[in-house]
1. Rounded to the nearest 5, what is the percent of antiparallel bridges among the DSSP beta bridges in the chain?
2. Which sequence of ARG129, ARG266 reflects their accessible areas, 1.4 Å probe, from the largest down?
3. Between segment 23-57 and segment 228-267, what is the separation of their alpha carbon centroids in Å?
4. Tell me what the chain gives for mean residue ellipticity at 222 nm when only DSSP H runs of n ≥ 4 count, each as -39,500 (n - 2.57), the sum divided by the residue total, rounded to 500 deg cm²/dmol.
5. For segment 58-67, what does the Karplus curve 6.51 cos²θ - 1.76 cosθ + 1.60, with θ = phi - 60°, yield as ³J(HN,Hα) per residue in whole Hz, taken in order and with x for Gly and Pro?
6. Running a GNM on the chain with Cα contacts under 10 Å, which residue among THR120, THR32, THR96 ends up with the highest mean-square fluctuation?
7. Check the chain and count each lysine pair with an alpha-carbon distance under 30 angstrom, considering only pairs eight or more places apart or from different chains.
8. Give me the accessible area of MET91, 1.4 Å probe, in Å² rounded to the nearest 10.
Amino acid sequence: MVLKRTRKSTPAPGRFVTLLSCPGGGVLAEATIARGAVQCDVHELPEGATSAASVKELASVVVAALREHRVRSRDLLMAVPRSKAVLKPLMLPPNTAEDEIAAMVQFQLQGEIPFPPEETVLDFAILRRDAEGVGVLAAAVQSATVDYWKSLAEQAGLSLKRLTLLPSAIQHGLCSTEACEEKTIAVITQLPGEMEIDVISRGTILFSRSVTAAGPAEALATELIRSLRGYAGQHPAETLDDIVLIGDNAETLAAAVGDAFSCAVRIEGQSLDDAMGL
């Protein structure tokens, strides 16, 4: 088991390739970062470019897309889909020393990870440290998943600069555009074949779930409401201030959660481009 400390960082100015491969399809973008702003040129990949494809198959699609859209950058930023990761907030004792956190995270996650320890990449980020304790967000990914994306980058002629988790990418995207520190916000992002449900409370991930988006919009709405009610049951003191929806079916989902919850509901985009931009 690999266990390391996560440090937040911001990509240096320049151009980066960003790739998102989901159960229902893939998206490629060239992101230009300059003076703290990010501009994305988004391109939907052809049918078959899903996370279920082999490395060789997906790499060939990516190479063709890079040529077709004349993407010059070879530096790659990627996010592992939520469905491929175990994500769990933990609270450690207030007096936990810095050099003890890794071992305590590993101990607390024993029995909760569905793959063998020797096949696990375990990472964590310290969210807060106060009188209540040390808040930690722990993430576990199967090493085969990490190897898949590393091999993809190599075969596509790209240099993998950062591999993060999709909920973390959404958190950073949301908190870069609005004040999150005093709010609890649910962000619902619909991607090809997958609906991502993340609750960001005071700038940190409090709840995260991935739902297969294979059925009609009404069934997705039912699953979304069930998930948000599950969050409310787990965190009764952290009531939702806003629900933000991005991607396909946003209007149907907004109407459903608007009837079920009393907080503000808004649509920030109804296309894959909007979701990828975040």
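The values are calculated or read from the model by the stated rules, or taken from the named source; none is laboratory data. Keep in mind the model is a prediction, meaning the values are calculated, not measured. No Cβ is skipped: glycine too gets one built from the backbone with ideal geometry, and neighbour counts run over all protein chains shown. Keep in mind that these areas ignore ligands, DNA and RNA; they rest on the heavy atoms of the full protein, side chains included. Shrake-Rupley method; radii C 1.70, N 1.55, O 1.52, S 1.80 Å.
1. 70 percent
2. Working: ARG129 115, ARG266 70 Å².
If we order ARG129, ARG266 from most to least accessible, we get ARG129, ARG266.
3. The distance from the Cα centre of segment 23-57 to that of segment 228-267 comes to 27 Å.
4. Details: 7 runs with 81 residues, N = 278.
Helices in the chain give a 222 nm mean residue ellipticity of -9000 deg cm²/dmol.
5. After applying 6.51 cos²θ - 1.76 cosθ + 1.60, I find 5, 4, 5, 5, 5, 4, 5, 5, 4, 6 Hz.
6. Largest GNM mean-square fluctuation: THR96.
7. Count of close lysine pairs: 21.
8. MET91 exposes around 90 Å² with every protein chain in place.
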